[in-house]
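As structure tokens, the structure follows; a few thoughts come after it.
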Amino acid sequence: TADYETFSKRAHYYKNYFDSSIHFIRPKLEDGSWRTPYDPARSIHGVGDFCEGNGWQYTFFAPQDPYGLISLFGGDKPFTSKLDSFFTNNDSMGEGASSDITGLIGQYAHGNEPSHHVIHLYNYVNRPWRTQELVDSVYKSQYANSVDGLSGNEDCGQMSAWYILNSMGFYQVCPGKPVYSIGRPAFDKAVINLPGEKTFSIVVKNNAKTHKYIESVLLNGKPLDTPFFNHQDITAGGVMEIKMTDRPTRWGVSK
């Protein structure tokens, strides 16, 4: 219980570093004042206050509390606007940028772990089609069947783990939390073998390179209207059927 209380409290410490006037995580000095001047793109590993990332990437690094982070921005709309900017902003990181910050799509750095969950944050703000199209773009731009086929440091297998999970159609935004976020499956069928000769299958209908959007999802024959499902759905065994289309849809939107 004591450990739970300690780490539950620490899980919200990121809020102390959120500057609501600029909507960025911002370094603080020992006296509690903000780091000034502050350039989120250039405050990086080696020459700034962040490790293997910059102020842009760490602004979205609260996988344990996505809804808490969204509320700091003032809700879905301002958060979505910031998220959109994340994938389009090309401000220079300047000299001395960490060699780990690679595979850039705007400020999103697929070549390093602090960014790996961010594409799936669109599912938390009722923009699941953006998660789907961005996952698809990462398949095409960040991976290749060649000796330099990874856009960053494999680091115990994380670059491959991202691909394997997403190619089956989902990703775990927060390690340790048994919830998966649905994205864009790459294969027509994937089967997870389970104890007791059970299986969990992901069957993708109408799949094609141009069909990167989800039209509907069935979980064991019942409509799944949210872009999330639980680990126990996998371990229980069954079938998830995903139907794809070539245009964005309202599937997974709750309001």
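The values are calculated or read from the model by the stated rules, or taken from the named source; none is laboratory data. Since we're looking at a predicted model, the values are computed, not measured. Cβ sites come from the backbone with ideal geometry, for glycine too, and all protein chains shown count toward neighbours. Only protein heavy atoms, including side chains, enter the accessible area calculation; ligands, DNA and RNA are left aside. Shrake-Rupley method; radii C 1.70, N 1.55, O 1.52, S 1.80 Å.
Is one or more of the residues making up the stretch 35-43 among the hydroxyl-bearing types (Ser, Thr, Tyr) and under 21 Å from the mean Cα position of the chain (by Cα)? Spell out how you get there, then give the answer.
Applying the first criterion (among the hydroxyl-bearing types (Ser, Thr, Tyr)) to the stretch 35-43 yields 36, 38, 43.
Within this subset, residues satisfying the condition of being under 21 Å from the mean Cα position of the chain (by Cα) are none.
Within the stretch 35-43, not a single residue is among the hydroxyl-bearing types (Ser, Thr, Tyr) and under 21 Å from the mean Cα position of the chain (by Cα).
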Name the pairs whose Cβ atoms lie under 6 Å apart, with the first residue in the stretch 190-216 and within 17 Å of residue 129 (Cβ to Cβ) and among the charged types (D, E, K, R), the second modelled with pLDDT of 95 or more and open to solvent by less than 60 Å² (accessible area, probe 1.4 Å), and 6 or more positions between them or separate chains? 212/132; 212/133; 212/136; 212/184; 215/245; 215/249
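I'm trying to understand the selection: among the residues of the stretch 88-108, which are part of a loop (DSSP other than H, G, I, E, B) and either in contact with a Leu (Cβ under 7 Å, 6 or more places away or on another chain) or of a type in the set (A, V, I, L, M) (or both)? Before you say what the answer is, go through the steps one by one.
Narrowing the stretch 88-108 to residues part of a loop (DSSP other than H, G, I, E, B): 88-103, 106-107.
Residues satisfying the conditions are 93, 97, 101.
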Go over the candidates 142, 158, 172 one by one and state the one that is under 22 Å from residue 86 (Cβ atoms) and in contact with a strand residue (DSSP E or B) (Cβ under 7 Å, 6 or more places away or on another chain). 172
Going by what's in this entry, would residue 31 be described as open to solvent by 70 Å² or more (accessible area, probe 1.4 Å), assigned to a loop (DSSP other than H, G, I, E, B), under 29 Å from residue 157 (Cβ atoms) and out of contact with any Cys (no Cβ under 8 Å at 6 or more places or on another chain)? no
Looking only at the stretch 166-178, which residues are under 27 Å from residue 209 (Cα atoms) and among the hydrophobic types (A, V, I, L, M, F, W, C)? 168, 170, 173
Please work out which one of (1) under 17 Å from residue 73 (Cα atoms); (2) open to solvent by less than 70 Å² (accessible area, probe 1.4 Å); (3) aromatic (Phe, Trp, Tyr) is the condition residue 38 fails and give its number. (1)
Identify all residues within the stretch 63-99 that are among the aliphatic types (A, V, I, L, M) and either on the phi > 0 side of the Ramachandran plot or open to solvent by less than 30 Å² (accessible area, probe 1.4 Å) (or both); write none if there are none. 69, 70, 83, 93
